[in-house]
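What follows is calculated from the coordinates using simple rules that are stated; it is not laboratory data. As the structure is a prediction and not an experimental result, all values here were calculated from the model. Cβ placement follows ideal geometry from the backbone for every residue including glycine, while neighbour counts extend to all protein chains displayed.
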């Protein structure tokens with residue numbers, strides 16, 4: 001799409017956003033700009049093939065609803081691309097119940113099948129219960145179980161790929177967090193397309209919003225009625241990620257383009273990182289047979305601790 | 001003596017789930033409002049009458065403004 005700029009405004013309509021480069025776009029032009037940016041990302045990184053059984057990880061938040069909205073449009077244009085939504089109910093009282101209700105309503109209205117899997121049903125504990133038993137960081141343990149379930153259920157549903165709502169801000173935070181923790185191997189597992197395609201144990205994950213800033217995603221969600229009234233996860237506010245996010249937002253305000261700079265330069269080095277940390281044969285957990293880099297996967301290690309604590 | 005005109009804005013900040021009345025100088029903009037509330041413009045979108053407005057938009061007395069966080073839910 002080529003937008004002709006007139007004194008920085010796209011046209012005579014009232015603008016809804018000012019992009020990093022200064023252009024002000026109205027609702028119609030921003031929708032065009034945003035959707036074509038996502039489709040371009042899909043083409044640039046070869047995220048989606050001509051025929052897919054595509055899963056969308058749906059939290060009910062703006063990012064995942066935006067991904068589902070755009071991929072649903074793609075599916076309408078290409079009926080060989082089938083869409084299934086997957087939601088994980090971690091069991092976070094007063095938060096996830098609201099977002100799941102939003103997700104269900106959206107799927108009902110848009111003719112998408114929503115598959116919900118819960119920690120309680122799959123592991124025997126809600127996240128709230130896990131955090132009362134173990135003295136661990138909420139986001140760490142939650143991430144382990146969520147990734148475990150998404151991977152396992154994607155495979156069981158025979159999904160060819162799983163799309164997530166990760167945006168440019170999420171990726172930028174992960175890059176900087178890994179740098180700060182000197183964990184470059186974790187950065188080798190970042191990028192717009194992750195997971196081992198050649199191993200049947202892994203569902204490949206794709207990030208169609210990879211080059212979209214969080215403010216752009218929120219603007220798209222707002223003008224298309226996808227924004228609901230709920231705040232961030234109660235466990236996330238004081239996380240390391242939240243502090244890195246605030247630091248990056250301060251830098252972005254002072255030096256516009258900081259986030260694009262970080263992600264674009266990371267993309268230049270990503271092939272080198274992937275080559276350096278190219279995995280050997282994928283191992284499986286001795287207990288559950290899910291993919292693992294150790295004898296026992298992190299989910300089974302946590303579950304053992306939880307069960308032992310409950311017995312004592 | 002020339003009195004400087006001020007305006008009063010009713011603001012809803014969704015991240016804190018709170019309403020506030022903010023007094024600003026007569027020709028203030030969204031940018032001035034965010035500055036006064038110490039909110040980084042990168043982290044929010046702002047609406048008036050359910051329409052998005054940009055940082056350079058002038059505000060009027062008794063405007064009803066919503067400040068919506070762009071931070072992901074998790």
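Considering only B:24, B:33, B:52, the Gaussian network model of chain B with Cα springs below 10 Å gives its largest mean-square fluctuation to B:52.
Computed from Cα positions, the angle between helix A:214-223 and the longest principal axis of chain A comes to roughly 70 degrees. For segment A:56-144, the spherically averaged projection of the C-alpha convex hull amounts to 6.3 nm². Segment A:132-174 and segment A:51-74 have their alpha-carbon centroids 15 Å apart.
Between A:146, A:96, A:278, the GNM of chain A built on Cα springs shorter than 10 angstrom shows A:278 fluctuating the most.
Approximating the spin labels as points 7 Å out from Cα along Cα→Cβ, the residue B:17-to-residue B:48 distance works out to 2.8 nm. In chain A, Cα pairs under 8 Å separated by at least six residues give a relative contact order of 19 percent.
Ordered by the number of other Cβ atoms lying within 10 Å of each residue's own Cβ, fewest first, A:302, A:220, A:119 fall into the sequence A:302, A:119, A:220. For segment A:66-167, the relative contact order works out to 28 percent when only alpha carbon pairs closer than 8 Å and six or more residues apart are counted. Computed on segment A:164-227, with alpha-carbon pairs under 8 angstrom and 6+ residues apart, the relative contact order is 41 percent.
When all alpha carbon pairs of segment A:31-184 are counted in 5 Å bins from zero, the resulting P(r) reads 2, 8, 16, 20, 19, 16, 11, 6, 2, 0 %.
Estimated from helices alone, the mean residue ellipticity of chain B at 222 nm is -2500 deg cm²/dmol (sum of -39500 (n - 2.57) over DSSP H runs with n ≥ 4, per residue).
Across the alpha-carbon atoms of segment A:107-223, the computed radius of gyration and Dmax are 16.2, 45 angstrom. Between the helical axis of A:62-77 and the longest alpha-carbon principal axis of chain A there is an angle of about 70 degrees. Divide the volume of the convex hull around the Cα atoms of segment A:252-308 by the residue count and you get 130 Å³ per residue. Percent of C-alpha pairs per 10 Å bin in chain B, short distances first: 19, 56, 19, 5, 1, 0. If you look at the Cα atoms of the protein assembly as shown, you get an Rg and a Dmax of 22.2, 83 Å.
How far is helix A:240-254 tilted, in degrees, relative to the longest principal axis of the Cα atoms in chain A, given as a value from 0 to 90 rounded to the nearest 10? Roughly 10 degrees, rounded to the nearest 10. Under a Gaussian network description of chain A, with springs only between Cα atoms under 10 Å, the residue in A:222, A:202, A:39 that fluctuates furthest is A:222. Do the sum for chain A: with -39,500 (n - 2.57) for every DSSP H run of n ≥ 4, divided by all residues, what is the mean residue ellipticity at 222 nm, to the nearest 500 deg cm²/dmol? Calculated mean residue ellipticity at 222 nm is -15500 deg cm²/dmol.
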